[in-house]
C-alpha cells in the first residue's frame, strides 16, 4: 500500500467527483427501477444496491450503509458511463491487455492484487467497480492527448472534465431524486433529502 498508489486512487476519485459534480442532475424520468440514466445507459437500482452491499460489507472500506455511500457510488457510476461514451465518440478504447497492465502497475506499487483492492476499498471503491476504475484510468490517459494535444497534464485533465460536462448536457443525465440533488456550490452530487433517501437493498 504505497504512497504513489494512494495518490493515484485519490486522483481517480477526485476526477470522478469533479466530473460528476459538473453534471446537470435532474429528477429521473427514465425507465422504472433506474437509479440514473446517462443517455441510453441505465444504471439500475439493483446494480447500485449490489455495489453498496459489497462496499459496506468490506472491512477495509469503513463505509457506512447510508445515503452518503449511495451518493458517492452513484456519482462514480455516472462518471464512468460518461467517460465510456466520451471515449467512444473519439474512437478511444481500453483493451483487456491495457487494463491488465494498469492493474499490474498498481500491484507493483502495492505489493499484491489484494493490496490494490484494499486501497481502492479504502477510497470508497467496491471490488465490483475496480475494473471500471482501471478502464477509466486507461481511457483518461488516452483521452487527454486527444482533447488537448499540446497541453500539460493538468490542462489535459481539465479538458477531460470540460468534455464530460459538455457531453452530459448533450446526452442528458437523469437521477432518481431520492439519490441526490445538484449542488452548485460543491459541484457534486449532494445528499438526498432525509424524507426521500432509503439505502437500496438487494433483497
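If you plug the beta carbon distance of residue 88 and residue 57 into 1/(1 + (r/R0)^6) with R0 = 35 Å, you get a FRET efficiency near 0.60.
Extension gain residue 127-residue 155, at 0.36 nm per residue separation less the Cα-Cα distance, in nm? Let's see the in-between values first.
Numbers: separation 28, 0.36 × 28 = 10.08 nm, distance 3.04 nm.
Using 0.36 nm per residue and subtracting the Cα-Cα distance, I get 7.0 nm.
Model label points for residue 141 and residue 107, set 7 angstrom from Cα along the Cα-to-Cβ axis, are 1.5 nm apart.
Each reported figure results from applying straightforward, stated rules to the coordinates on display, with no laboratory input. The structure presented is a predicted model; accordingly, all values stated were derived computationally and were not measured. With ideal geometry, Cβ positions are generated from the backbone for all residues, glycine too; neighbour counts draw on all protein chains shown.
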